[in-house]
Amino acid sequence: MPASNPQSMDAAELGAWLRLQLTPGIGSVHGCRLLKAFGLPTAVFRQSLSALRSVVSERLAQSVLEVPPDLEPRLRTLMQWLGAGGGQHRLLTLGDPSYPASLLNIDDPPLMLYVQGNDAAWQALEQAPCVAIVGSRNPTPQGADNARAFARSLAQAGLSIVSGMALGVDAAAHRGALEIQESALPTIAVVGTGLDRVYPAQHTKLAIEIAARGLLISEYPLDTAPLPAHFPRRNRLISGLARATLVVEAALQSGSLITAQQALEQGKDVFAIPGSIHSTQARGCNALIKQGAQLVDSVQDILDAPSFQAIHTRQASPYTAEDPGTDTPDASTALLNALGFDPGSLEVLQSRTGWETARLQAQLMELELQGQVGRLPGGLFQRLQPDRA
């Protein structure tokens, strides 16, 4: 693949890369074929129809010869974005020496990567051992706790956390990693929109924090909307950047399982945290374990894997407590949601709910009398599955 440096490209060369990316139907697979056959994009667009047809179909060859109508305004937007980032906005093409080596090894590496982040994080990218943490957009309180705590402990152990900045487990993982102040690259968010957009909008502050200390990465051009098809596709980059993928919570029909499958296809380790057989959000993880994913119940299980054995550091506790943020008016439902499907202590429930001890004990007693909660040895409480007729 011919080398190029987007930071020193002139407008014509940068426009040729952008044109290749914007050409309908080309994508990364056909784009790679064209680059291997003809060299840089400027050379691709000098080819005749017959020459292009020797590499791609006639329909795609015709598409290559047509200039996308929005090329010029998008090129202006891109050049303005690169100039306005204060050195924190970068563009990597497939031929750039700085292109992440881990992504070169996947089947369809993006033609271009848009990157936002500080210099220290950027310099750490090549050497950073990464682990992906993914899971449900609607996790249980325990699932969110696990994602944040595992991410924090793994970041403290020297790993960079890769996720997708989605609601739920993704956001909890990013936030846990950002708690480790000494990390040069605590977390990487791979998003399914252009980097000039934040999705979901409520993660604007989180995106700013990630850009300040970590990296935001997208394969999509600026001003790209959050289309549903983008997110399953971006998952291959999450698993591709990482040495292994940890699934925290996932239903059976879940984008997280797509990421896990892509990790397996890339020859990477897949870890899964088991959960209650009564929890819908645990069924995806339990199914992965049945299929051969490595069961994880501590951070050390991941650090002991061959991919990470070179990392030697003290393990932090993999558990923490966090307010679930429930706004239901039903106190019983609120408490059951806070408890989730894993055993929890009075102290953990108090930290999640913010309730006074007397109110919490009274509500637990009521749930015990209703047969919805059981008391375990060690002062723990467990949500019970109601008997079925």
I'm checking my understanding of the structure. Among residues of the stretch 263-314 that are more than 22 Å from residue 344 (Cβ to Cβ) and among the hydroxyl-bearing types (Ser, Thr, Tyr), which one is surrounded by the fewest Cβ atoms within 10 Å (Cβ to Cβ)?
313
Pick from 222, 227, 252: which is in contact with a Ser or Thr (Cβ under 6 Å, 6 or more places away or on another chain), surrounded by fewer than 24 Cβ atoms within 10 Å (Cβ to Cβ) and either over 15 Å from residue 116 (Cβ atoms) or at pLDDT 95 or above (or both)?
222
Report, ordered by the first and then the second residue, all pairs with beta carbons closer than 8 Å, sequence separation of six or more or different chains, a first member in the stretch 57-68 that is touching a residue at least 12 places away in the same chain (Cβ under 8 Å) and of a type in the set (Ser, Thr, Tyr), and a second member that is open to solvent by less than 10 Å² (accessible area, probe 1.4 Å) and not in a helix (DSSP H, G or I).
63/23; 63/26
Working only within the stretch 181-203, note down all residues that are open to solvent by 30 Å² or more (accessible area, probe 1.4 Å) and under 16 Å from the mean Cα position of the chain (by Cα).
198, 199
How about the stretch 51-148: which helices (runs of 4 or more DSSP H) wholly inside it have at least 1 residues that are of a type in the set (Asp, Glu) and surrounded by fewer than 20 Cβ atoms within 10 Å (Cβ to Cβ)?
58-65, 71-84, 119-124
Filter the stretch 114-145 down to residues that are farther than 27 Å from residue 304 by Cβ and among the charged types (D, E, K, R) and give me whichever is modelled with the highest pLDDT.
137
Restricting the stretch 171-211 to residues that are assigned to a helix (DSSP H, G or I) and touching a Phe, Trp or Tyr at 6+ places or on another chain (Cβ under 8 Å), which is farthest from residue 157 (Cα to Cα)?
173
Complete set of residues in the stretch 19-50 that are within 32 Å of the chain's Cα centre (by Cα), open to solvent by less than 60 Å² (accessible area, probe 1.4 Å) and of a type in the set (A, V, I, L, M, F, W, C)
20, 22, 26, 32, 34, 35, 40
Across the stretch 118-142, the tally of residues that are closer than 22 Å to residue 81 by Cα and within 16 Å of the chain's Cα centre (by Cα) stands at 1
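Condition check ((1) closer than 16 Å to residue 219 by Cα; (2) modelled with pLDDT of 95 or more; (3) among the aromatic types (Phe, Trp, Tyr)) across all residues:
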{"position": "23", "(1), (2), (3)": "yes, yes, no"}
{"position": "30", "(1), (2), (3)": "yes, yes, no"}
{"position": "34", "(1), (2), (3)": "no, yes, no"}
{"position": "54", "(1), (2), (3)": "no, yes, no"}
{"position": "65", "(1), (2), (3)": "no, yes, no"}
{"position": "70", "(1), (2), (3)": "no, no, no"}
{"position": "94", "(1), (2), (3)": "yes, no, no"}
{"position": "98", "(1), (2), (3)": "yes, no, no"}
{"position": "107", "(1), (2), (3)": "yes, no, no"}
Considering only residues that are of a type outside the set (S, T, N, Q), in a strand (DSSP E or B) and open to solvent by less than 60 Å² (accessible area, probe 1.4 Å), which ones fall in the stretch 339-379?
344, 373, 374
In this structure, is residue 243 within 23 Å of residue 184 (Cα to Cα), under 15 Å from the mean Cα position of the chain (by Cα), in contact (Cβ under 8 Å) with a residue 12 or more places away in the chain and open to solvent by 50 Å² or more (accessible area, probe 1.4 Å)?
yes
Looking at (1) free of Cβ contacts under 8 Å to residues at least 60 places away in the same chain; (2) open to solvent by less than 10 Å² (accessible area, probe 1.4 Å); (3) among the polar types (S, T, N, Q); (4) more than 16 Å from residue 212 (Cβ to Cβ), which is the only condition residue 160 fails?
(4)
Going by the conditions given, is residue 73 in contact (Cβ under 8 Å) with a residue 12 or more places away in the chain and out of contact with any helix residue (DSSP H, G or I) (no Cβ under 7 Å at 6 or more places or on another chain)?
no
Would you mind finding the one in 320, 326 that is open to solvent by 30 Å² or more (accessible area, probe 1.4 Å), modelled with pLDDT under 75 and under 19 Å from residue 281 (Cα atoms)?
326
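The values are calculated or read from the model by the stated rules, or taken from the named source; none is laboratory data. None of the values given here were measured: they were computed from a predicted structure. Virtual Cβ from ideal backbone geometry, glycine too; neighbours counted across all protein chains shown. Heavy atoms of the whole protein, side chains included, go into the accessibility calculation; ligands, DNA and RNA do not. Shrake-Rupley method; radii C 1.70, N 1.55, O 1.52, S 1.80 Å.
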